[in-house]
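Encoded as structure tokens, the structure appears first; notes follow it.
The values are calculated or read from the model by the stated rules, or taken from the named source; none is laboratory data. Note that this is a predicted model, so its numbers are computed, not measured. Note: ideal-geometry Cβ built from the backbone for every residue, glycine included; neighbour counts use all protein chains shown.
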Amino acid sequence: MSPTPTLPADVRRALEKIFPGDAAVFTPEEMFVYGADASRRHALPSAVVRPENLEQVRALLALAQDKRLPVLPRGRGTNTVGDCTPVSGGVVVSAARLNRIKDIDADDFVAVVEPGVVTADLQAEAAGKRLFYAPDPASVKFSTVGGNVATCAGGMRAVKYGVTRDHVLGLTAVLPGGEVVHCGRRTHKNVVGLDLVRLFCGSEGTLGVITELTVKLLPLPAATATLALAFADVDAALSAAGDVFRAGILPVALEFMAREAMAAVAAISPVPWPETAGAALLIRLDGSPEAVAADLALLEAATKPAGPVWSRRAATPQDEEAVWEPRRLLNPASFKAAPDKISDDVTVPRGKLRAAAVGIRTVADELSLKILLFGHVGDGNLHVNIMHDAANADERARAQAARERILSLALSLGGTLSGEHGVGLSKLPFLDRQLSPIERGLMARIKAAFDPYGIMNPGKAY
Amino acid sequence: MSTELTPVHCLHGQGRRPTCILCGRCLPVCPLFTATGREELSPRAKFFLAKAVGEGRAELSAKAAEMLATACLSCGRCEDACPLGLCGPDLVAEIRAAHPGFAGMLWKLWVERAGLAWPLAMTLGKLLPGNIPIAAVSRAKGALAALGAGKAPAPWLFPKTFDTRQAGKKAVIFAGCVAEHANPRWKAEAARLLEGLGVEVLPDPGFTCCGCTLGHAGAPQAQAAMQQQNIEAWRRAGRPLMVVFCATCRCGLRAYARKDLGLAMDELGPWRENLVSLAELLGDTTFEIGQAAPPAVRYHRPCHGAGGNQDLSLLRRIMGERLVFRENETPCCGFGGLTKLTHPDLSEAVAKNALAIYAPKPGEQIVTGCSGCVTQLRAAAPDGVGVGHWLETIG
Ligand SMILES: Cc1cc2nc3c(=O)[nH]c(=O)nc-3n(C[C@H](O)[C@H](O)[C@H](O)COP(=O)(O)OP(=O)(O)OC[C@H]3O[C@@H](n4cnc5c(N)ncnc54)[C@H](O)[C@@H]3O)c2cc1C
Ligand code: SF4
Ligand code: SF4
């Protein structure tokens, strides 16, 4: 086992005092998994703690600042960019025991939760009161609200409802040194002072440890329906996607898959679309049953001109389940399509999607690589999986080259390196392509205001 | 959720394992993780550490071996959730099988703390060296008897008319370790019901444990021997119906048909078809509701209920509105695997978590269709709450 970063005996004793019993862990075997996340990078932490209350977090951050000990907040370690890898050792703070839903208020339309609550649990509890917590990353059933906020997770519903940051009203966080800050309010509007809540959204654990969140709830939409369409090629599908908005329809979800992605799913499960299809769209609507029925008819008319080769309407939960299942299988299917993959989630202005797709196709052809292309095209967000066999040096080099070219392509179209997964470690080397030294300097100064000694998740994000 | 086609977590060591992608889907389903918040006990942690050990990047220290080989409830929920079908119990069984010292350690543990897990230990005793100390057996038996008596529900369902569609068929009862050793009344009750159905109950042809536990215990050879003994017994009895009333046994027995255990091609079909649950056989049998009926009964779905909610449909029909079952509230009881022996504290934490979710009021009952779950939930339930196999509600 790679040696555990050493922890001075007095620090260990102090941690044991704040976190008695099994609330602190120090053996390499027990800490092993806490050094990894879905990026599949790994480094051992020096200690793992599991706070149950604010007081413990406060005491920890006072100690950590005093001893200059790195601190890494951890939800469920499902981020894909290495945000939870303790590259310089330090204490992992697991939110697994900070998992209470404290309040769901049907009059104020807010929920108050601890950061370790699994997002789907919050949604289910809210739905019981006919309330709706809108953000829904594909990892909604196994990632936490705290992790979602700290990465500003997106998801399929973002096209209509926005991303996680659009639903966070307030939060409590502990800063290095142990100071407790309460940012935002329980109100749906608030313009007093700088927006510190938004600063925490997408901060990737670099500013402080969030201990409580107040999030916005909406009335639960009464009905949903989906139109699934297949087209001969990518361009036809993306032009249909544009037609949806031009027809005045704002769908809840507008998902896209290109041929290679569809084939990957077809390899592990039966699929409903014809074999000849070169691209697919899944378009979901929500609202009152009457509005959904009317919009569904509009949607069918709006997507006709692009010439779908196959279509299916799904207006019952079972039918919807059936058309969405292939989309859900895409992630596991991608792991079976080749031994290794490089994943990026570049995002471009909506109007540049077709150009981006053509550019990515060209990269795949020129470098003879299989690239799975799919994504939340309603947001201009493209998931690009560059499939390869890393054991083959030439293929690995081509995959790296493809990645570089695709990131540059996205930027040249006015897009961004990441739409939802964040920077972490994996996009850090490319950051200067998108941010100028002036902006990075400003970010460093903002971080220093929260974290003067740089102990919060060091070496990540910006 | 499991379907009839997916109860595969009793198929240890078949084929190469894919690599864990660290996605985290298995965390919220793992009862050990949800009850404790200890991520090191999660399936992801086990697969990740085991892989590093396999590649020489981590040492298989005593601590690592213990974590990997002793803390798992064999509930199979990770396998159902994992996009790659990774199965915690398979991994645990492999590691146990690779550690010759493991059986000896279990033996010692059993003698020290058998307690509630003694029926399981009886089974294990068969593969372990030495004789079973009488003192340990009687101590364990005593513990179980004392515990069980108070909380078993008094019968409140009485057969009115029997469904006789199966009349004239021959059947053997596969009661399983817990019923054989600890709750003989269940088997007697099952025999009585079968008689009512007009099914001819043949004498026990010499069945032994289904072998599930031995597989989990990392004793694949002993497991295979037991499986073969059961197949032989069934053949000797003339391949009759095999009636089970424990979900875990049914799951274990079903898996025989997927492994090469010497069942001939033309036996595979009859093995699967003749393996029937008692609930299924009861068909449209009707029951009268007696005085002792509780206001509410919670159905606890066993993790090994894979393939058929025959129990649930029967109970819904005969218990009516009283029966409460919520698809989103199906905690594991914490009995499974060897955790009861190796980590009684973890097993208890999981049971406590299950009862916190059910939150039964005094006078209410919890029924299930797995012997292990009954044993476990009975021990953890508060006073005044009856816990039993649904067979015990029938008089
Ligand atoms: C199969 C799969 C599908 C996914 N789908 C999507 C998707 O559709 N959209 C999307 O945006 N992402 C997606 N992701 C990525 C990932 O799920 C998200 O980034 C998620 O928000 C991470 O949540 P987590 O609880 O796992 O946080 P972690 O991965 O544990 O942590 C993420 C970051 O948040 C910080 N953090 C966590 N808790 C706190 C806290 N209490 N205080 C301060 N900082 C904290 C951590 O330090 C870290 O920097 C997916 C991942 C997988 C594996
Ligand atoms: S079988 Fe159950 S207890 Fe064991 S690792 Fe899988 S989910 Fe956890
Ligand atoms: S669900 Fe499977 S692949 Fe994902 S973390 Fe768990 S074991 Fe690994």
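For segment A:126-136, state whether one or more residues are touching a Phe, Trp or Tyr at 6+ places or on another chain (Cβ under 6 Å) and over 26 Å from A:GLU55 (Cα atoms). For segment A:126-136, residues touching a Phe, Trp or Tyr at 6+ places or on another chain (Cβ under 6 Å) and over 26 Å from A:GLU55 (Cα atoms): present. Restricting attention to segment B:20-56, the residues that are of a type in the set (A, V, I, L, M) and under 22 Å from the mean Cα position of the chain (by Cα) add up to 5.
For segment A:345-367, the criterion of a residue being under 25 Å from A:ALA36 (Cα atoms), touching a residue at least 60 places away in the same chain (Cβ under 8 Å) and not assigned by TED's automatic domain parsing to the domain that holds A:THR151 is satisfied by at least one position.
Reported count of residues in segment B:1-48, each being surrounded by 17 or more Cβ atoms within 10 Å (Cβ to Cβ), polar (S, T, N, Q) and at pLDDT below 85, is 1.
Filtered by the rule that a residue be among the polar types (S, T, N, Q) and more than 12 Å from ligand 1 (Cβ to nearest atom), segment A:427-462 gives A:GLN434, A:SER436. Here B:PHE335 meets each of (1) in a helix (DSSP H, G or I); (2) within 19 Å of B:GLY388 (Cβ to Cβ); (3) hydrophobic (A, V, I, L, M, F, W, C) with one exception, condition (1). Where strands (runs of 3 or more DSSP E) fall wholly inside segment A:260-366, the ranges with 3 or more residues that are closer than 30 Å to A:LEU220 by Cα are A:279-287, A:310-314.
Consider segment B:25-36 and keep the residues that are out of contact with any Ser or Thr (no Cβ under 7 Å at 6 or more places or on another chain) and under 17 Å from A:GLU52 (Cβ atoms). The one that is nearest to ligand 1 (Cβ to nearest atom) is B:THR34. Do we have A:LEU407 as in a strand (DSSP E or B), under 19 Å from the mean Cα position of the chain (by Cα), modelled with pLDDT of 95 or more and of a type in the set (A, V, I, L, M) here? The answer is no for A:LEU407. Scanning segment A:127-156 for residues that are on the phi > 0 side of the Ramachandran plot and over 12 Å from the mean Cα position of the chain (by Cα) yields one hit, A:ARG130.
Results for (1) within 21 Å of A:PRO219 (Cα to Cα); (2) in contact with a His (Cβ under 8 Å, 6 or more places away or on another chain); (3) buried (at least 24 other Cβ atoms within 10 Å of the Cβ), shown as yes or no for each residue.
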residue: A:PRO70; (1), (2), (3): no, no, no
residue: A:ALA106; (1), (2), (3): yes, no, no
residue: A:VAL112; (1), (2), (3): yes, no, no
residue: A:ALA120; (1), (2), (3): yes, no, no
residue: A:VAL145; (1), (2), (3): yes, no, yes
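Within segment B:30-48, track down each residue that is within 12 Å of ligand 3 (Cβ to nearest atom), hydrophobic (A, V, I, L, M, F, W, C) and in contact (Cβ under 8 Å) with a residue 40 or more places away in the chain. Result: B:CYS30, B:PHE47. When each of A:ASP37, A:ASP10 is tested for being acidic (Asp, Glu) and within 12 Å of A:PRO86 (Cβ to Cβ), the lone residue that passes is A:ASP37. Applying the condition of being outside any loop (DSSP other than H, G, I, E, B) and near ligand 2 (Cβ under 9 Å from one of its atoms) to segment B:61-78 and asking which residue is nearest to the chain's Cα centre (by Cα) yields B:ARG77.
Number of residues in segment B:49-87 that are more than 9 Å from every other protein chain (Cβ to nearest Cβ), within 15 Å of ligand 3 (Cβ to nearest atom) and touching a Phe, Trp or Tyr at 6+ places or on another chain (Cβ under 8 Å) equals 1. Comparison of B:ALA58, B:ALA81 shows that the only residue that is assigned by TED's automatic domain parsing to the domain that holds B:PRO18, touching an Asp or Glu at 6+ places or on another chain (Cβ under 9 Å) and either under 23 Å from A:PHE335 (Cβ atoms) or more than 13 Å from ligand 2 (Cβ to nearest atom) (or both) is B:ALA58. Of the residues B:LEU312, B:LEU323, the single one that is under 21 Å from B:ALA179 (Cβ atoms), surrounded by fewer than 24 Cβ atoms within 10 Å (Cβ to Cβ) and aliphatic (A, V, I, L, M) is B:LEU312.
Inside segment B:329-356, residues that are polar (S, T, N, Q) and under 16 Å from B:ALA381 (Cβ atoms) make up a count of 2.
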